[in-house]
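Structure first, then comments.
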Amino acid sequence: MKKLKISLLLLISISLLSACDTNDIQDVQFNGIGDVFVRCIKVGDETQYAPVFYSYSNENLSLTSVKSPATEVPDYNLSDYSTDKRVFRLLPKVADYSTDDVTNGIYQFKLTSTKQETIQTQDKLLDSRIDPMLITDFTYTKEGHIFEIKWNELNHADTYVVKLMTEKDGLSYYISDRISATEYKFNQNSKNWAYNIQLTAGKTYWLGVFGYEFEDSSVADGSNINCETVEYKEIVW
């Protein structure tokens, strides 16, 4: 997911810096955006839903809070999760999923920088939902570290992405390009592996197959997600 969104951070930084003289860099205005989308998963025979939140800024953040259009829902608080303090997120825990869909409408984001500056932004959650991801065939061959995956075709899916991670939604060692088919194969010599990594023999890692529906398929960047689905497979390297 981070790969899908990295272009947005670059665009924010470039657009702001290009508007300033070199001597004015310290006066760049604090700016950022927020994104809310739904993650849907299959649990037994049920489809369950939970909200996901991200915020992006051109400065380090200390807090991001989000107000739901459902007045009875408490504010959500996002936090940092990597060395890049300009990106905050809140992912659902198991208990956050429900067969009740997430409330659509306008979500209000308040971003606070480490300098205690604040900005307000908003994102609209649309009522369209993607089908839950189901991996139909999965093979991992240790010799050559070959991964072969197939999954169900999803209604409303604009693209698919395969990741190999330290844990579910953890640091990504491998992130595929966007995939239009419903099958994929890669190995230890494929492109798209992170630089300067060393996976450990006998250690457990997680493969995730993600499907994405964008708010507008013609503007399919990482800040434009409306719904996401994922299924994971555990492997021992």
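The values are calculated or read from the model by the stated rules, or taken from the named source; none is laboratory data. Just so we're clear, the structure is a prediction, and the values are computed from it rather than from any experiment. All Cβ positions, even for glycine, are placed from backbone atoms using ideal geometry, and neighbour counts span all protein chains on display. These accessible areas exclude ligands, DNA and RNA; they are computed on the full protein's heavy atoms, side chains included. Shrake-Rupley method; radii C 1.70, N 1.55, O 1.52, S 1.80 Å.
Brief remarks on what is shown
- The single residue among Tyr212, Tyr174 that is in a strand (DSSP E or B), surrounded by 12 or more Cβ atoms within 10 Å (Cβ to Cβ), out of contact with any Phe, Trp or Tyr (no Cβ under 7 Å at 6 or more places or on another chain) and hydroxyl-bearing (Ser, Thr, Tyr) turns out to be Tyr212.
- Breaking point among (1) open to solvent by 70 Å² or more (accessible area, probe 1.4 Å); (2) in contact (Cβ under 8 Å) with a residue 60 or more places away in the chain, for Glu167: (2)
- Comparison of Lys85, Lys93 shows that the only residue that is among the basic types (Lys, Arg) and touching a Leu at 6+ places or on another chain (Cβ under 9 Å) is Lys85.
- Within the option set Tyr76, Tyr49, Tyr56, Tyr81, being in contact with a helix residue (DSSP H, G or I) (Cβ under 6 Å, 6 or more places away or on another chain) and of a type outside the set (A, V, I, L, M, F, W, C) holds for one residue only, Tyr56.
- Odd one out for Thr64, checked against (1) open to solvent by less than 30 Å² (accessible area, probe 1.4 Å); (2) free of Cβ contacts under 8 Å to residues at least 12 places away in the same chain: (2)
- Top-ranked residue in the stretch 180-205 [being open to solvent by 60 Å² or more (accessible area, probe 1.4 Å) and assigned to a strand (DSSP E or B); ranked as nearest to Asp123 (Cα to Cα)]: Glu183
- Taken together, Lys168, Lys185 contain a single residue that is in contact with a strand residue (DSSP E or B) (Cβ under 9 Å, 6 or more places away or on another chain) and under 23 Å from Asp45 (Cα atoms), which is Lys168.
- Within the stretch 148-203, the set of residues being hydrophobic (A, V, I, L, M, F, W, C) and under 24 Å from Ser128 (Cβ atoms) comprises Trp151, Leu154, Ala157, Val161, Val162, Ile179, Ala181.
- Considering residues of the stretch 15-51 that are open to solvent by 60 Å² or more (accessible area, probe 1.4 Å) and within 21 Å of Phe88 (Cβ to Cβ) only, the residue modelled with the lowest pLDDT: Ser15
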